[in-house]
Amino acid sequence: NNITAPPLRGYVKDLNAVGKTPTPLNKVGVGRNYSIVMMALRKAEFSAGSSLDSSPTGFSLDKTMTVSFGFKSTEKDGVLLQNKQANNEIGVSMVNGHVTLKYQNRAWRSLKQYQDGQWHYVTVTNKNG
């Protein structure tokens, strides 16, 4: 899908890509007094047709939540984020260049198109579940 993501801002624990543990190109510590668990990948890039698959441990669509990520793409269509749990689902995708959010049987679409190859950032916040 020719979609890449900017460096991660935070830490990653138990990373899994289609049942395999990827080998990071770089590991960067976040500072003194942090355990090895706090070591993180700062950048993730995927080639066309690939994706990252991870269990949603500790992530609930029933509660207050915020999901943020960045992307750049020259493709009009592609999945940016998808998570399904019981009767709840969140999906952020590119549809004809527009960023589309689907959340609990509702949908929103951006007015602008974003397949320009530049970095764009998405934040989805659900308050009070």
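Just so it is clear, none of the values below were taken in a lab; they were calculated from the coordinates. Being a predicted model, the structure only gives us computed values, none of them experimental. Using ideal geometry, Cβ is built from the backbone for each residue, glycine included, and neighbour counts are taken over all protein chains shown.
Report the residue count in region 75-120 for those that are closer than 17 Å to Met65 by Cα and under 17 Å from the mean Cα position of the chain (by Cα). Summing the residues that are closer than 17 Å to Met65 by Cα and under 17 Å from the mean Cα position of the chain (by Cα) in region 75-120 gives 12. Within region 73-103, the set of residues being surrounded by 13 or more Cβ atoms within 10 Å (Cβ to Cβ), closer than 21 Å to Lys63 by Cβ and not aliphatic (A, V, I, L, M) comprises Gln82, Asn83, Asn88, Glu89, Gly91, Lys102, Tyr103.
Close Cβ contacts (under 6 Å, 6 or more residues apart or on different chains) running from residues in region 94-121 that are free of Cβ contacts under 8 Å to residues at least 24 places away in the same chain and part of a strand (DSSP E or B) to residues that are of a type in the set (S, T, N, Q) and surrounded by 11 or more Cβ atoms within 10 Å (Cβ to Cβ) comprise His98/Ser110; His98/Gln113; Val99/Ser110; Thr100/Ser93; Arg109/Thr100. Please go through region 112-129 and pick out each residue that is within 17 Å of Lys72 (Cα to Cα) and not β-branched (Val, Ile, Thr). Those that are within 17 Å of Lys72 (Cα to Cα) and not β-branched (Val, Ile, Thr): Lys112, Gln113, Tyr114, Gln115, Asp116, Gly117, Gln118, Trp119, His120, Tyr121.
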